[in-house]
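Here the structure comes first, spelled out in structure tokens, and everything after it is commentary.
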Amino acid sequence: MPHRTPKSILVIVLAALLAAVLPACSTAPDASGLHMMPMDELPAEVQSAPASVRTAYQFAAANPDVMEDLPCYCGCGGIGHTSNYDCYVAEVAANGKIRFDGHALGCSICVDITLDAMRLLKDGKSVPEIRAYVDATYSRYGTSNMD
């Protein structure tokens, strides 16, 4: 067995710890190239929802940079939502812990907007292009919660 210095042992231990911890809190890209929140970090009611709803929550929670720039047209502005992101995430604490909003569990418009955003992002569209698509497609259902 090779001789290890205290410094090399520390490096090995730190590398092992990082390898164990990072995957658990990762929103690394999935097979499609999109960042997704791990399913086990979602609330039980989301984990037991239909696949499309689970996927929308996974994407929304992991992509606030996209979702906060997209409106929703389901009428949720009346309950204080200011973007499609709010349909999924009620609050992010200073430590990064997410408190989820259950609104999108029962709203197909919220979920459809998110699934369209995912598809368009995979197709290489920019957030402004996705926003234009969402506005053109969903404005017939109501008023934007970003107006």
quick shape note, region 36-77: Cα extents on principal axes in Å, largest first -> 27, 21, 14
Taking 111-122, 86-97 and ranking on average Cβ neighbours within 10 Å, highest first, one gets 111-122, 86-97
So THR137 and VAL92, fully extended at 0.36 nm per residue minus their Cα-Cα distance, gain in nm 13.3 nm
Here FRET efficiency (C-beta to C-beta, GLU129 to SER108, R₀ 30 Å, nearest 0.05) is 0.85
With +1 at each Lys and Arg Cβ and -1 at each Asp and Glu Cβ, the charge dipole magnitude of region 46-147 around its Cα centre, to the nearest 20 debye, comes out at 280 debye
So ARG99 and ALA44, fully extended at 0.36 nm per residue minus their Cα-Cα distance, gain in nm 18.5 nm
Charge tally for neighbours of TYR138 with beta carbon under 12 Å away, counting Lys, Arg as +1 and Asp, Glu as -1, is -1
Amide H contacts under 5 Å for PHE100, restricted to residues at least 5 apart in sequence or on another chain and with H modeled in the peptide plane, are ALA90
Expected vector for region 115-130, Karplus 3J(HN,Hα) from phi with 6.51, -1.76, 1.60 and θ = phi - 60°, integer Hz, x for Gly and Pro, equals 5, 5, 4, 4, 4, 5, 5, 4, 7, x, 6, 7, 4, x, 5, 5
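Laboratory data are not the source of any read-out in this text; all were calculated from the coordinates shown. A quick note: this is a predicted structure, and the numbers were derived from the prediction, not measured. Counting neighbours? That spans all protein chains shown, and the Cβs are built from the backbone with ideal geometry, glycine included.
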